[in-house]
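A.B. asks: Sharing a structure, written as structure tokens. Questions coming.
Just so it is clear, none of the values below were taken in a lab; they were calculated from the coordinates. All figures in this text were calculated on a predicted structure; none of them were measured in a lab. Please note: Cβ atoms are built from the backbone with ideal geometry, for glycine as well, and neighbour counts cover all protein chains shown.
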Amino acid sequence: MKKTLLLLCFLLCIKTSFGQQIELSNEAKISVLTIGPGNSLNDAFGHNAFRIKDESLNLDKTYDYGLFNFSTPYFYLKFATGKLNYSLGKSDYYDLLSYYIRQDRTVKEQVLNLSQLEKQRLYNFLVNNYKPENREYLYEFFFDNCATKIKDVTKIALNDNITFNEPKGFKHETFRTLIHNNLNKNSWGSLGIDVALGSVIDRKATPEQHMFLPEFIYKFFENATIKTNNEPLVKESKILFQQKNRVKPTSFFTSPLFVFGFVGLLILYITYSDRKNEKRSTWLDVVLFGITGIVGVFILLLWFATDHTGTHQNYNLLWAFALNLLVIPQLLKKKPSNWFVKYLKLLVILLCLMTLHWLIGVQVFAIGLIPLLIALFIRYVYLIKYFNVK
């Protein structure tokens with residue numbers, strides 16, 4: 001009985017000691033790390049993390065909100081539907097630094113000008129947030145990601161006592177322009193984003209909303225002030241590692257503009273050949289209607305069947321018309337129904353409306369699609385003339 005009581009007391013002491021919050025010393029420093037972009041699409045926008053350093057406690061850890069687990073059940077389905085959870089991660093500072101040095105990505109540090117109470121509050125928040133039951137959050141690219149979390153946690157630590165001043169030379173940009181500034185417009189990643197995301201991201205972002213990108217966390221924090229004393233939020237900035245090699249540009253011959261340019265020329269050549277020989281390449285029309293219809297269904301699902309906020313009001317549906325799948329049987333007939341010619345005229349009108357949307361700034365579309373869109377327009381016009389003669 002005595003041994004059992006002693007064991008229980010021992011376990012209780014261990015639990016109590018581990019449950020106690022670490023008290024940071026006056027030497028403690030809390031800083032924000034900003035990591036530059038990498039070579040792949042998923043790290044093209046950079047990254048942010050907190051660094052907690054207290055030499056008297058032999059403490060030097062980083063916390064970041066950019067972790068996700070590929071082994072999550074139905075990972076790709078959750079990612080596609082906007083239901084994928086990211087989580088807060090913790091690591092040793094030098095492990096994180098060496099990781100990004102190996103990737104040749106710039107790492108910058110901003111030491112925050114916090115009082116001892118604010119340091120402790122921020123650290124306590126991260127420790128509590130790192131608990132298994134708290135660390136996961138529903139990721140949202142524009143409003144709840146690894147960068148916005150840095151801003152939100154800092155505001156919590158300072159009781160929202162921060163004024164984010166606009167950096168020198170700041171320009172109010174749309175969400176899409178901010179994305180394009182970090183990507184080559186004539187890249188497959190940019191094309192995928194421009195097809196999947198709708199006109200809602202073509203509105204101007206507020207200054208604070210620019211901080212969904214890590215580079216703007218750095219810029220706005222550098223110019224931020226504390227409301228009560230008007231002191232700068234950042235008291236020291238330094239570059240921990242500078243990228244050594246520039247990212248090599250991708251070859252134009254593998255870019256969307258070249259590939260779709262080739263496809264567009266092929267469609268135009270077949271259309272010219274069909275007109276010359278007074279015939280119609282049925283297989284080509286089935287392929288075009290099938291592909292545009294499938295893309296249209298994909299866009300509709302992103303708009304109405306997911307939790308993504310950036311996929312709404314997507315006018316790519318004006319060229320990727322989902323109903324094209326349903327009219328494919330008409331293309332297999334020698335003489336389609338009379339209404340089908342009117343349907344083709346509708347497709348031509350929709351392409352004209354898309355051009356108008358682009359010109360007046362309702363939505364910006366992928367430049368890589370231009371050759372394909374021109375070819376579709378000419379093919380539709382040819383089909384109208386062909387079936388009218390028939």
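A.B. asks: Considering the options F253, L268, N230, tell which one lies farthest towards the positive end of the dipole of segment 215-286, charges being +1 on Lys and Arg and -1 on Asp and Glu at the Cβ, about the Cα centre.
C.D. replies: Highest projection toward the positive end goes to F253.
A.B. asks: Of K151/K244; K151/K204; K90/K204; K61/K168, which sit over 23 Å apart, Cα to Cα?
C.D. replies: The answer is K151/K244; K90/K204; K61/K168.
A.B. asks: Let me ask you something else. Looking at segment 151-274, I'd like the Rg to Rh ratio, where Rg is from alpha-carbon atoms and Rh is Kirkwood's inverse mean 1/r.
C.D. replies: My calculation puts Rg/Rh at 1.17.
A.B. asks: Under a straight-distance cross-link criterion of Cα-Cα below 16 Å, which lysines are reachable from K235, leaving out those fewer than 8 residues away in the same chain?
C.D. replies: Hits, sequence-local ones excluded: K29, K53, K108, K119, K219, K227.
A.B. asks: Among the lysines, select those whose C-alpha is under 28 Å from the C-alpha of K335, and discard any that sit fewer than 8 residues away in the same chain.
C.D. replies: K276, K279, K345, K385, K390
A.B. asks: For segment 199-243, what is the convex hull volume of its Cα atoms per residue in Å³?
C.D. replies: 91
A.B. asks: Tilt of helix 2-19 relative to the longest C-alpha principal axis of the chain, in degrees (0 to 90, nearest 10)?
C.D. replies: Here the helix axis deviates by roughly 60 degrees.
A.B. asks: Any chance you could give the angle, 0 to 90 degrees and rounded to 10, that helix 148-157 forms with the longest Cα principal axis of the chain?
C.D. replies: In the chain, helix 148-157 runs at an angle near 30 degrees to the longest axis.
A.B. asks: Cα axis of helix 370-389 to longest principal axis of the chain: angle in degrees, 0 to 90, nearest 10?
C.D. replies: 30
A.B. asks: Another question, then. Of (i) 141; (ii) 186; (iii) 160, which is the value of volume of the Cα convex hull per residue in Å³ derived from the coordinates here?
C.D. replies: Correct label is (ii).
A.B. asks: Show me the ranking of peptides 212-222, 127-137 by mean Cβ neighbours inside 10 Å, starting with the highest.
C.D. replies: For the peptides 212-222, 127-137, the packing ranking is 212-222, 127-137.
A.B. asks: A further question on this structure: Report, in debye and to the nearest 20, how large the dipole of the chain comes out about its Cα centre when Lys and Arg carry +1 and Asp and Glu carry -1 on their Cβ.
C.D. replies: 1520
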